[in-house]
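Just so it is clear, none of the values below were taken in a lab; they were calculated from the coordinates. These numbers were taken from a predicted model, which means no experiment stands behind them. Cβ placement follows ideal geometry from the backbone for every residue including glycine, while neighbour counts extend to all protein chains displayed.
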Amino acid sequence: MIPIRAQNEICHNVIHTTAIGRFCILIRTSIFFLGAFVALAQTGLAQSVPNVNRTMPTVIVIGFVGGFIKHDNLIHSEVQLAARLRKAYPMGVDVETFESYHGEQARERILSLLDTNHDGILSPDEKQNGRIIIYGHSWGGSEAINLAHKLEKDGIPVLLTIQVDSISKIHQNDAVIPANVAQAANFYQLDGVLHGQSEIRAADPARTSIIGNFRFD
């Protein structure tokens, strides 16, 4: 896990606007959950579970930036978060960011990373062994859930989704979390012209735990 001091440094670096300051909560939450799953993958504890392929895939973290922001624009905290995670976990974790309109590229990247034997076909074990976390801000929040829906159709589970001020795009529903997602968290605020999604719910509460819908004033 990343020390508290390092987490505070992250917050200090991104707190130059009120909206971005709230995004620190996303950073802390992402680090907490990611750290737990990285520890599981890196220590090989999952190898004791029956039918788990011993060729363990990396933990995959996909981040979507908001609006028309470029995926590598370090001014924005979504990209800063990815950079911090790469530095904190130089091995065993693949962290990538995408524009909010490049969800299909993100999906293709995930499929490629899960294909641990590189045969071009995902086996049931390769799909189930996936350790995927998806986060997004604004339109990126909507795209994060849209990607989770696509992965559900592919038969691929998702460990965690996190939305921050998620703004639904046309033909997308960012309020319903698909059943392939184990845990989901939503952060929103009511300032400004555009308001983020205030409540998410599980398509199947028996399979998805909603960590919470957190409002920040």
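In what sequence, highest mean first, do 77-85, 203-211 appear when ranked by Cβ atoms within 10 angstrom?
77-85, 203-211
In the stretch 128-194, which chymotrypsin sites (Phe, Trp or Tyr not before Pro) are in a loop and have at most 16 other Cβ atoms within 10 Å, using DSSP for the loop call?
Here no chymotrypsin sites (Phe, Trp or Tyr not before Pro) fit, given the DSSP loop and packing criteria.
List the lysines whose alpha-carbon lies under 22 Å from that of Lys87, not counting same-chain residues fewer than 8 positions away?
Straight-line reach from Lys87, under 22 Å: Lys70.
Quick check: net charge around Arg86, other residues with Cβ under 10 Å of its Cβ, Lys/Arg +1 and Asp/Glu -1?
Value of the local net charge: 0.
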